[in-house]
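Okay, structure first, notes after.
The values are calculated or read from the model by the stated rules, or taken from the named source; none is laboratory data. Because the structure is a prediction, the values reported are computed rather than measured. Please note: Cβ atoms are built from the backbone with ideal geometry, for glycine as well, and neighbour counts cover all protein chains shown.
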Amino acid sequence: MELLHRTIGQFRTTAIGFGEMPLTIEGKPSHERAIETIHAALDAGCRHIDTAWAYYESGGEEETGEKLVRQALQSWSGPREDVLVATKVGHFRNFTEGRPTWDVDGRPETLMRNGRQSAQALGRDSIDLLYFHRPDPKVPYGESIQAIRQLIDDGVARAAGISNVDIEQIDLARTILGDRLVAVQNQYSPISRGTQDTLEHAEKLGLAFVCWSPLGGFRKTRDESMFDPFKKVAKAHGVSYQQVVLAWELSKGDHMFVIPGAHRPETIVDSLHAGQLELSDDELAILG
Ligand SMILES: NC(=O)c1ccc[n+]([C@@H]2O[C@H](COP(=O)([O-])OP(=O)(O)OC[C@H]3O[C@@H](n4cnc5c(N)ncnc54)[C@H](OP(=O)(O)O)[C@@H]3O)[C@@H](O)[C@H]2O)c1
């Protein structure tokens, strides 16, 4: 069965992508397992992979996520040219008091350099979709976005996205990027609904909205009770509650995309089936 497809800018791809992050940061599986997991997603029909320059372990080799995606695509026998690969620049890994951290560097020169490195690590002449990962409070947002625009105009990337943004930042980015801007990637899930306004704003502007950590994230302490209504609906359909969560997110509009992460084939393959799950109006009303 073909998976649910939707449109991001000039791309037609699966509404459910694969968030690569868990495969190359702290707690990652073996390299073989990671490749196997990406291959399982692709074999199941997934045509959208989300990675980032900063998906590597603090203190480790940079860009291991992008390199893994390149290796997985090169060793896959399917139509790799059909796969939308999205990456992000603007974060790097560091330590604070011995603990791994995610730090930001939104200086234009860093973004320009990292964007070119990302294209090289991915083994692509041009990155399909390049996000500015997170606003850097030390750099005016417009200056960072100008660098993303330059990367597109130089042919390093084909389309732009922005991430971890509010409405004001979306509007500013759109002024600078125009039609080059195709996607907003913000955290959104049953336990992170605070970005609802940006989801609605993206729809009004004709931008895709990509939910990150759509299942609530794999490492955060969760208030599990917030998933109870999803578990109840899942029981009625005989599917995992994760599928119900993803189907609920996708029901928020045709501009909605989700990029669940996974450490193993079983979970991502299960998640990919959420696009086929039809929730009734009554069920959606209960889920909110
Ligand atoms: N733009 C940003 O700033 C930003 C920030 C964070 C994340 N992201 C992106 O968002 C992606 C997803 O976020 P995430 O990885 O933090 O968390 P997530 O997708 O909310 O949750 C992933 C966890 O859910 C589990 N899971 C997935 N599908 C499942 C299923 N069908 N049944 C049971 N369990 C399932 C996985 O289990 P297993 O571990 O057992 O496989 C994994 O532990 C990342 O990979 C990354 O690409 C972007």
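Quick look at the numbers
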| quantity | calculated |
| --- | --- |
| Number of the exception - Val269 against (1) surrounded by fewer than 19 Cβ atoms within 10 Å (Cβ to Cβ); (2) outside any helix (DSSP H, G or I); (3) near the ligand (Cβ under 10 Å from one of its atoms) | (2) |
| Matching residues in segment 23-44 - criterion: being more than 25 Å from His255 (Cα to Cα) and either part of a helix (DSSP H, G or I) or acidic (Asp, Glu) (or both) | Leu23, Glu26, His31, Glu32, Arg33, Ala34, Ile35, Glu36, Thr37, His39, Ala40 |
| Selected residue [of a type in the set (A, V, I, L, M), surrounded by fewer than 24 Cβ atoms within 10 Å (Cβ to Cβ) and within 16 Å of the ligand (Cβ to nearest atom)] from Ala86, Ala121 | Ala121 |
| Residue match in segment 32-45 (condition: hydroxyl-bearing (Ser, Thr, Tyr) and more than 22 Å from Thr13 (Cα to Cα)) | no |
| Unique residue being surrounded by fewer than 21 Cβ atoms within 10 Å (Cβ to Cβ) and farther than 25 Å from Ser58 by Cα when the list is Arg116, Arg158, Arg99, Arg107 | Arg158 |
| Options Glu278, Glu249; residue that is modelled with pLDDT of 95 or more, more than 8 Å from the ligand (Cβ to nearest atom), of a type in the set (Asp, Glu) and in a helix (DSSP H, G or I) | Glu249 |
| Qualifying positions in segment 132-180 - of a type in the set (Ser, Thr, Tyr) and part of a helix (DSSP H, G or I) | Tyr141, Ser144, Thr175 |
| Residue count, segment 85-107 (criterion: within 11 Å of Thr51 (Cα to Cα) and in contact with a Phe, Trp or Tyr (Cβ under 9 Å, 6 or more places away or on another chain)) | 4 |
| Index of the failed condition, Gln242 passing every other in (1) more than 11 Å from the ligand (Cβ to nearest atom); (2) surrounded by 14 or more Cβ atoms within 10 Å (Cβ to Cβ) | (1) |
| Subset of segment 45-71 (residues that are in contact (Cβ under 8 Å) with a residue 24 or more places away in the chain, surrounded by fewer than 19 Cβ atoms within 10 Å (Cβ to Cβ) and outside any helix (DSSP H, G or I)) | Gly45, Glu57, Ser58, Gly59, Gly60, Glu62 |
| Gly217 within 10 Å of the ligand (Cβ to nearest atom) and of a type in the set (Gly, Ala, Ser) | yes |
